[in-house]
1. For region 246-260, give me each residue that is of a type outside the set (A, V, I, L, M) and under 37 Å from the mean Cα position of the chain (by Cα).
2. Name the residue, out of S74, S107, S27, S114, that is under 22 Å from H181 (Cβ atoms), without any contact (Cβ under 8 Å) to a residue 24 or more places away in the chain and not assigned by TED's automatic domain parsing to the domain that holds N294.
3. On the given criteria, is D191 in the same structural domain as V210 (by TED's automatic domain parsing), within 17 Å of Q214 (Cβ to Cβ), in a helix (DSSP H, G or I) and at pLDDT 95 or above?
4. Having 3 or more residues that are under 20 Å from I433 (Cβ atoms) and not small (G, A, S) is the bar; report the strands (runs of 3 or more DSSP E) wholly within region 45-136 that clear it.
5. Pull up region 272-319, narrow it to residues that are assigned to a helix (DSSP H, G or I) and in contact with a Pro (Cβ under 9 Å, 6 or more places away or on another chain), then point me to the one that is surrounded by the most Cβ atoms within 10 Å (Cβ to Cβ).
6. Check region 1-20 and report whether any residue there is crowded, with 18+ Cβ neighbours inside 10 Å, assigned to a loop (DSSP other than H, G, I, E, B), modelled with pLDDT of 90 or more and touching a Phe, Trp or Tyr at 6+ places or on another chain (Cβ under 9 Å).
7. Only one residue in K161, K147 is within 28 Å of G24 (Cα to Cα), in contact (Cβ under 8 Å) with a residue 24 or more places away in the chain and surrounded by fewer than 19 Cβ atoms within 10 Å (Cβ to Cβ), so which one is that?
8. Being in contact with an Asp or Glu (Cβ under 6 Å, 6 or more places away or on another chain) and surrounded by 22 or more Cβ atoms within 10 Å (Cβ to Cβ) narrows it down to one residue among M54, M77; which is it?
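The values are calculated or read from the model by the stated rules, or taken from the named source; none is laboratory data. Remember, it's a predicted structure, so these values are computed and weren't measured experimentally. Every residue, glycine as well, gets a Cβ built from its backbone with ideal geometry; the counts of neighbours run over all protein chains shown.
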Amino acid sequence: MQIDPWSSSTYQDYARLRDEFGIGVFSDNHWKNLQNPHRLLRRGIVFGQRDFSMILDAVNNQKPWAILTGLMPSGKMHLGHKMIIDEVIYYQSIGADIFIAVADIESYGTRGYSLKETRSLAIEEYIKNYIALGLKPEKCSIYFQSKNQHVKDLAFLLGRKVNWSQMIATYGFDGSTNMTHVLAPLIQTGDILHVQLEEFGGIRPVLVPVGVDQDPHIRLCRDVAKAHRIFNVKRTKDNKIGVFVKPDEDVSVLLDHAEKIIRNLGFKQLNKITEYKAIYIDDAIEDQIMMIDNTLAKTEPMFDGYGFLPPAATFHRFMTGLNGGKMSSSKSESAIFLSDDPKVAKKKIMRAKTGGAVTLEQQKKDGGKPDECMVYELMMYHLIEDDNKLQEIYQSCKNGSQMCGNCKKLAAEMMERLLLDIDEKRKHAGEIIDKFIVE
């Protein structure tokens, strides 16, 4: 099974995706440990995660952490794109530092847009809408890949531990792939990891909320971060917790340093074996691996290392298009754009595919199928905050007491209010946009 970050494919078997690519389940235990969890988290729309426990630890213990997300300026912003920024705004409200990359290099390399075109699209279609939706300028930086020398330099340096075979296996590149396209994933790795450089806040957990189509980028970045680490903390095959030195130079110095750090953490039963480049911690348990690893990571810059923590990630389901396919900027009938006139949006909703029966009589008798309804999905993802109200609509559809026409009318009214509110706030976004963009 191959995931292509640049295709228009839809993925329906999310359980298979989790199993095949090692994505963890995003469970009730994850979102219930957050303050006022967002509807996308508590409704199962975010279905998978990698290392989200790192983020929970940072949030619940008031430690520094960051969000890195990106936008692809290659079309108009629609409700599918809104899902990510909704998450980001929520995470900002519970303490995250926010970094947003405008993927203008990627758009140039994979979609053929000029850098001038991508800048205009990014500002008018995305950033102003982000501000209208509630993004705050405090602890928030939006930058363009092409203008960020730190990102480009880091991508070049980190690329030393990525070979062509790995890129082929991850992305399916072949001899016809242009080199800017090949470079784009390394630039994304620079995006994600540069926020742990000292000048951007230092080594700390970083969460990247994405659609599952972006998992190849997450896997590559996690591999690159691990490849550049000096210390590796893990449970061995014989169930020991060990700290291992990865370089072959200065092993004794690094082991002595690690031993001092580990003892300062309160561990006493240590067995250092220089020829194995290892320290075994006999009084540690698996739940303490993350704490030991994070502590050692923060010291790696002392030895000219990066100490990057592999980024955590959450994965959300794709939003279905109004016609039943994937919501796409290139198919206007499939999407509601944030810049749509409310009257246009209403017409789209009234034409949307539903889970209703063929006839009114049959729906009253057998009920509808809200799980297959694009209008119900609009309500679940974007329009209804109250879980009880949403459940009432779901049950009314299932038992045949709610007709599709009434549901469409309700969704259209709510969408009209949402778009009018966004439009009004977007008019003033330009007044403060300079507070967000870092050149």
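1. Result: K246, P247, D248, E249, H257, E259, K260.
2. It is S114.
3. Yes: the conditions hold for D191.
4. Passing ranges, in order: 66-71, 97-102.
5. N294
6. Within region 1-20 (the criterion being crowded, with 18+ Cβ neighbours inside 10 Å, assigned to a loop (DSSP other than H, G, I, E, B), modelled with pLDDT of 90 or more and touching a Phe, Trp or Tyr at 6+ places or on another chain (Cβ under 9 Å)), the answer is no, since none of the residues qualifies.
7. Being within 28 Å of G24 (Cα to Cα), in contact (Cβ under 8 Å) with a residue 24 or more places away in the chain and surrounded by fewer than 19 Cβ atoms within 10 Å (Cβ to Cβ) holds for just one of K161, K147, which is K161.
8. That would be M77, the only listed residue that is in contact with an Asp or Glu (Cβ under 6 Å, 6 or more places away or on another chain) and surrounded by 22 or more Cβ atoms within 10 Å (Cβ to Cβ).
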